[in-house]
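Below: one structure, written as C-alpha cells.
The values are calculated or read from the model by the stated rules, or taken from the named source; none is laboratory data. None of the values given here were measured: they were computed from a predicted structure. Because the Cβ atoms are built from the backbone with ideal geometry, glycine has one as well, and the counts that use them run over all protein chains shown.
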Ligand code: SF4
C-alpha cells in the first residue's frame, strides 16, 4: 500500500482566512481553535511570506481559546463567550470576527450562537466557520467576506456613481498585495473613478460601510471573489465587471484601462493620454539599460510556473505578449474548483502567440509536481526560468535556473513597496528576473555552477 502526504505547503488551511480579517484596519479575528492553527497559516501567509503581518494587529496578540484535549469532550463555548467579553473590553477594534477550526466544528461548538449573544454590542461581533477540513485559505477568505456581507452590510441610502469596489486580490495570498492595491487605487483615481478598497492602510470600517454604495464591483482575478461580486449583485443590485487578471505590462494594462473606461463611461481621451504617457515611460526604461541584459541569446526564453491561478494568468500574458517568452508548463496549485478550471485554461491560452495550445496546464494541489517535472529536464545546454513559491527556489537553485517568487509563501525577501502591477510594476518583474539570470547565467554564454555540491 502506498501513502501520500502533503509537504511544502503552498496554501494554508481555511483558518488562513483570518489574514483577510487582519488585512482590514482594526478588524480583529477571535480564534476558537487549537493553539497551533494560527501558526500553520502563518507558515504560508505570514512570517515566511515576505515577513508580512496584520495591518493593525500582529498575529501574536490575536485572542484565542486555544482549544485543547479536554475541550474535545466538553466543548469550550463558555470560554469563547468570556474571551469575547474580555476582547470587547481590552481591544480597540471596529469589528470582531469569531472564527473556529476543525476541533470546535467537530465537537459542535456553535460560534454563531456565541456571536448572537453580542448582537447589542456597539462593536459588531460576527462569526465565520473556518475548519481546515472544508477548504484552503481561499475558501476561508471567502467565508470572511461572506460573513461581512451577510451579517453586517445594510442596504445603501445612496449610490455613488463613480465608486468602484475592488475585489479579486486576496490579501497575503497575493504576497505583493499592499503596494499592488496602492498602485491600483492611484490608477483608478487617475481614470476618474472613486476606488473603494477595504484592505490596507487607512481603509477599515469606513470602506466596509461604503461597499453597498458602489456603482459597480470590479473583480480583477480569474476566479477569486467572483462569488463575492455575485452575492453583492444579488443583495444590493450592484453590477460587476470581471477582468480575468491583474494586468502586468503594457499590453494587458492598456487592455484593462480601455475595458474599464468603456464599461464605466469614463473619458476616453484622458485614458488614451495616460496610456501613451505610461507606455512611453515603460519603453524608455526597456531601451535604456534593460535591453543590454535581456538581448543575450543564451538567456532562457521558456518558463515553468508553479503558482496560484491569479499569478499564473497575469504572468503568462505578460511574459508571452510583451516579452516573447514561451510557456513550457504551468502548474496551478491553489485547488481551483472544477467549474472554474475551463475558464482559467481559456484565459491562459488567450495569448498573442501561435503555439498557445502547445503547452500543458496542470491543476493540482500537489505543489511538488513541478519539481518532479523539472528533474526530468536536461539543463546542460539550455535553461528555463521558473516562477513559483519559496519552495521552488530550492529547485531553481539546484538546477541554476533563473527564478522569481510570485506566490505565497514568498520567502524571506523584503517586499516593501514592490508590485508587478501595471506598466511600472512590469519593470520590477523584468528587473527581478534578469538580476537572477545574471547571477546564474553569465554573459559569455557559458553556464556556470555557482556552488559545488
Ligand atoms: S486543518 Fe484544522 S486543525 Fe489543522 S490548522 Fe487548520 S483548522 Fe487547525
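Values as computed for the structure displayed
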read-out: From the options 424, 417, 428, residue that is free of Cβ contacts under 8 Å to residues at least 12 places away in the same chain, surrounded by fewer than 23 Cβ atoms within 10 Å (Cβ to Cβ) and out of contact with any strand residue (DSSP E or B) (no Cβ under 6 Å at 6 or more places or on another chain); value: 428
read-out: Subset of the stretch 234-292 (residues that are at pLDDT below 95 and touching a helix residue (DSSP H, G or I) at 6+ places or on another chain (Cβ under 7 Å)); value: 285, 290
read-out: Filtered residue count, the stretch 36-58, keeping only those that are farther than 16 Å from residue 141 by Cβ and within 16 Å of the ligand (Cβ to nearest atom); value: 5
read-out: Only listed residue being more than 16 Å from the ligand (Cβ to nearest atom), in contact with a helix residue (DSSP H, G or I) (Cβ under 8 Å, 6 or more places away or on another chain) and in a loop (DSSP other than H, G, I, E, B), chosen from 148, 169; value: 169
read-out: Only listed residue being more than 14 Å from the ligand (Cβ to nearest atom) and at pLDDT 95 or above, chosen from 78, 109; value: 78
read-out: Residue among 144, 106, 148, 73 that alone is more than 26 Å from residue 333 (Cα to Cα) and buried (at least 19 other Cβ atoms within 10 Å of the Cβ); value: 148
read-out: Candidates 159, 148 - the one that is within 22 Å of residue 19 (Cβ to Cβ) and in contact (Cβ under 8 Å) with a residue 24 or more places away in the chain; value: 148
read-out: Which listed residue is surrounded by 21 or more Cβ atoms within 10 Å (Cβ to Cβ) and closer than 19 Å to residue 204 by Cα, from 114, 125, 84; value: 125
read-out: Selected residue (criterion: nearest to the ligand (Cβ to nearest atom)) from residues of the stretch 116-137 that are in contact with a helix residue (DSSP H, G or I) (Cβ under 8 Å, 6 or more places away or on another chain) and assigned to a helix (DSSP H, G or I); value: 132
read-out: Among the residues listed as 336, 362, the single one being surrounded by fewer than 17 Cβ atoms within 10 Å (Cβ to Cβ) and in contact with a strand residue (DSSP E or B) (Cβ under 9 Å, 6 or more places away or on another chain); value: 362
read-out: First in the stretch 119-142 and touching a residue at least 24 places away in the same chain (Cβ under 8 Å) and closer than 13 Å to residue 18 by Cα, second anywhere and near the ligand (Cβ under 10 Å from one of its atoms) and assigned to a loop (DSSP other than H, G, I, E, B), Cβ under 7 Å, 6 or more apart; value: 130/101; 131/101; 132/101; 136/12; 137/12; 140/130
read-out: Hits in the stretch 213-262 (condition: in a strand (DSSP E or B) and either without any contact (Cβ under 8 Å) to a residue 24 or more places away in the chain or closer than 20 Å to residue 312 by Cα (or both)); value: 218, 219, 220, 242, 243, 248
